[in-house]
Amino acid sequence: MLDTTLMNHFLELDEKNLTLTLEPGVLLMEISAYVEERGFFYPPDPGEKSATIGGNVSTNAGGMRAVKYGVTRDYVRGLELVLADGTILEVGGKVVKNSSGYDLKDMVIGSEGTLAVVTKITLKLLPLPQKNVSLLVPFPTLAQAIGTVPLIVKSKAIPTAIEFMEREVIMDAEEYLGRKFPDNQADAYLLLKFDGNTMEEIASYYDGVAQICLDQGAVDLLIADTDERSDSIWKARSAFLEAIKSSTSAMDEVDVVVPRSHVNEFVEYIHGLQHELGLRIKCFGHAGDGNLHVYLLKDNLSDDDWHRVLETGMEKMYARAKTMDGQVSGEHGIGLAKRPYLKESLDAPTIRLMQHIKDAFDPNHILNPHKVCFE
Ligand SMILES: Cc1cc2nc3c(=O)[nH]c(=O)nc-3n(C[C@H](O)[C@H](O)[C@H](O)COP(=O)(O)OP(=O)(O)OC[C@H]3O[C@@H](n4cnc5c(N)ncnc54)[C@H](O)[C@@H]3O)c2cc1C
């Protein structure tokens, strides 16, 4: 077992190159505090703020701002790696562009510790946007809410985040947090965030989006233009997972990612599936990047029934996602549990290539053995 807890130092803030070099055990919430205090911005913003940057790099974490800013991979300039035989290697660096041979840095990002141990990371930073505004948009149906997303994307307004949520999940969050969400009357909601340097600039983005939402049947537009209002909405959004967890005896998650244009179809499929399987399924997620969080809930099922239904449910969902050109994991990675579904989703040449890559980096398979790849 490797523990990076004490590798938690900021090593260099290079303001001329807009980079931050740090050790892998620094927590995501420590990075945002450190850089924002100095007027800089590190955009990747996955829900788990106490994750380490080493873990974020190794799972290519995305998060709420991925629609506009991209994911961890887009912000890693360089890595120091320790290979399975102990060799220390620097890949990438501070250069903005690199066309020098195979990109080993990008290969290690998202490899879940199966290719090398990351011991130092150089991140790209941006100037901190000065203002942000969130829009909470209630819709009569989830299909209308999600159907609006491709139109928003097509309008080129580029919100930082587009999340969808259903009333049921909001009610769970209200009960869990013991406080009211700004609205809980509609069946479904889109939550959007826009950022920029002035309120005028941001208004120029969201005015058009607001009109698109109204044209698609939105029943209202709730604008959160102060930090306090915006924080209260996003804190509730961050509590969805814990709220769902507290409403059942056990659960498991599917974190598939499908093209944005298929989110509606996939969510409809899940709604049908919960009746077919006879268990509750809750769903919310990043509508802006097609990354869904689908939670299958055990409730009062016996252990045997639960495992049987879970397996059937997972198989069906991954098979369906594949027909939509989706991928097995948009977030948590493959690890051990999702290996069969990854194998199912890839063709033989891709699997072979992945095996060769694993063998080249780690011939004795000592790094995170049995994870991701297929022996
Ligand atoms: C509540 C919650 C919300 C989340 N929301 C999002 C989201 O919105 N978007 C998103 O993309 N993800 C999300 N995630 C996934 C999250 O980003 C990852 O779980 C996280 O990045 C893992 O970081 P960690 O420090 O917990 O790593 P760990 O769980 O400890 O490790 C993750 C993997 O990386 C490997 N690893 C860790 N450090 C290193 C290192 N230094 N070198 C090599 N390998 C290493 C580990 O071996 C393991 O395979 C969420 C997770 C949770 C629990």
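The values are calculated or read from the model by the stated rules, or taken from the named source; none is laboratory data. What you see is a predicted model; the values in this text were computed from it and never measured. Neighbour counts are summed over all protein chains in view; Cβ atoms, including those assigned to glycine, are modelled from backbone coordinates with ideal geometry.
Remarks
- Note on the range 334-375: among residues that are in contact (Cβ under 8 Å) with a residue 40 or more places away in the chain and away from the ligand (no atom under 16 Å from the Cβ), the one that is nearest to ASP103 (Cα to Cα) is PRO363.
- Here LEU123 meets each of (1) at pLDDT below 95; (2) among the aliphatic types (A, V, I, L, M); (3) touching a Lys or Arg at 6+ places or on another chain (Cβ under 9 Å) with one exception, condition (1).
- Taking the conditions (1) assigned to a strand (DSSP E or B); (2) touching a Pro at 6+ places or on another chain (Cβ under 6 Å) in turn, LEU190 satisfies each one other than (2).
- Scope the range 287-301; condition part of a loop (DSSP other than H, G, I, E, B) and within 19 Å of LEU151 (Cα to Cα); matching residues: ALA287, GLY288, ASP289, GLY290
- Residue count for the range 41-91, restricted to those that are closer than 20 Å to HIS9 by Cα, more than 9 Å from the ligand (Cβ to nearest atom) and in contact with a Ser or Thr (Cβ under 7 Å, 6 or more places away or on another chain): 4
- Among (1) farther than 30 Å from ALA239 by Cβ; (2) touching a residue at least 24 places away in the same chain (Cβ under 8 Å); (3) more than 9 Å from the ligand (Cβ to nearest atom), the one test that LEU2 misses: (3)
One line per residue, one yes/no per condition, for (1) more than 22 Å from ARG229 (Cα to Cα); (2) modelled with pLDDT of 95 or more; (3) buried (at least 17 other Cβ atoms within 10 Å of the Cβ); (4) not basic (Lys, Arg):
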site	(1), (2), (3), (4)
LYS97	yes, no, no, no
LEU142	yes, no, yes, yes
SER155	yes, no, no, yes
ILE162	no, no, yes, yes
VAL169	no, no, yes, yes
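- Filter result for GLY285 (closer than 17 Å to TYR318 by Cβ, touching a His at 6+ places or on another chain (Cβ under 7 Å) and not assigned by TED's automatic domain parsing to the domain that holds PRO182): yes
- Taken as a whole, the condition of being of a type in the set (Ser, Thr, Tyr), out of contact with any Pro (no Cβ under 6 Å at 6 or more places or on another chain) and within 12 Å of the ligand (Cβ to nearest atom) does not apply to SER100.
- Matching residues, the range 32-48, being in contact (Cβ under 8 Å) with a residue 40 or more places away in the chain and touching a Lys or Arg at 6+ places or on another chain (Cβ under 7 Å): PRO43
- Within the range 111-123, being under 19 Å from the mean Cα position of the chain (by Cα) and more than 9 Å from the ligand (Cβ to nearest atom) holds for one residue alone: LEU123.
- Unique residue being touching a Phe, Trp or Tyr at 6+ places or on another chain (Cβ under 7 Å) and surrounded by 22 or more Cβ atoms within 10 Å (Cβ to Cβ) when the list is ILE109, ILE146: ILE146
- Residues considered: GLU228, GLU253, GLU200. Of these, the only one that is touching a residue at least 12 places away in the same chain (Cβ under 8 Å) and among the charged types (D, E, K, R) is GLU253.
- So LEU135, is it in contact with a Pro (Cβ under 7 Å, 6 or more places away or on another chain) and away from the ligand (no atom under 16 Å from the Cβ): no
- Taking residues in the range 7-31 that are away from the ligand (no atom under 14 Å from the Cβ) and at pLDDT 95 or above, and partners anywhere that are assigned to a helix (DSSP H, G or I) and of a type in the set (A, V, I, L, M), the pairs with Cβ atoms closer than 8 Å and at least 6 places apart or on different chains are LEU13/VAL35; LEU20/ILE31; LEU20/VAL35.
- Condition met for GLY217 (on the phi > 0 side of the Ramachandran plot and touching a residue at least 60 places away in the same chain (Cβ under 8 Å)): yes
- The C-beta contact set for the range 149-163 (first residue farther than 10 Å from ALA287 by Cβ, second residue part of a loop (DSSP other than H, G, I, E, B), distance under 9 angstrom, 6+ apart or interchain) comprises LEU151/GLN216; PRO159/GLY288; THR160/PRO43; THR160/MET64; THR160/ARG65; THR160/PRO129; THR160/GLY288.
- Within the range 302-333, considering residues that are part of a helix (DSSP H, G or I) and closer than 16 Å to CYS283 by Cβ, the one farthest from the ligand (Cβ to nearest atom): LYS316
- Residues of the range 120-141 that are touching an Asp or Glu at 6+ places or on another chain (Cβ under 6 Å), farther than 20 Å from SER32 by Cα and outside any loop (DSSP other than H, G, I, E, B): PRO138 alone.
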